[in-house]
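Before any comments, here is the structure.
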Amino acid sequence: MILHHIQASVMSDDALSTCLRYIHPKDSILLSSDAVNCLLQPQWQQRLANIALFVLQDDVVARGLSERLMIILANKAAGDFDIIDYSQFVEQSLRHDKVITW
């Protein structure tokens, strides 16, 4: 089990796209920094819908996306994802065999 930590925006980097080519069914993705913005785009919502997905809360709040992501989550547009804090990020890091930061 790998936790793939994606930080870069999909608009400026292909990290998430590359990650999705190599991800295994038991792997998870954590979106942080500018990568959280991808959940606003329907094409990324669809691509991430069947993946264990975590989103770092501080980065969501810093970008003013809390309300929009709650609507997306309620409508199941991006499948299920968990908005987590830093302590939960550490927990997920320990639950997975390794963490790859893209």
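Looking at Val60, Val36, which one is farther than 15 Å from Trp102 by Cβ and of a type in the set (Val, Ile, Thr)?
Val60
Would you check if Ile51 is closer than 22 Å to Asp85 by Cα, touching a strand residue (DSSP E or B) at 6+ places or on another chain (Cβ under 6 Å), modelled with pLDDT under 95 and among the hydrophobic types (A, V, I, L, M, F, W, C)?
yes
With (1) closer than 20 Å to Asp85 by Cα; (2) within 12 Å of the chain's Cα centre (by Cα); (3) of a type in the set (Gly, Ala, Ser) as the list, and Ser66 as the residue in question, which single condition is left unmet?
(2)
Which of the following residues is of a type outside the set (Val, Ile, Thr) and without any contact (Cβ under 8 Å) to a residue 24 or more places away in the chain: Ala8, Ala52, Ala62?
Selected residue: Ala62, the only one of Ala8, Ala52, Ala62 that is of a type outside the set (Val, Ile, Thr) and without any contact (Cβ under 8 Å) to a residue 24 or more places away in the chain.
Which residues, counting only those in the stretch 2-17, are among the β-branched types (Val, Ile, Thr) and at pLDDT below 95?
Selection gives Val10 alone.
Within the stretch 54-102, take every residue that is modelled with pLDDT of 95 or more and of a type in the set (Ser, Thr, Tyr) and give me the one that is farthest from His5 (Cα to Cα).
Once the filter is applied, the top-ranked residue is Ser87.
The values are calculated or read from the model by the stated rules, or taken from the named source; none is laboratory data. Just so it is clear, the structure is predicted and the values come from calculations on it, not from any experiment. Here Cβ is always computed from backbone atoms with ideal geometry, including for glycine, and neighbour counts include all displayed protein chains.
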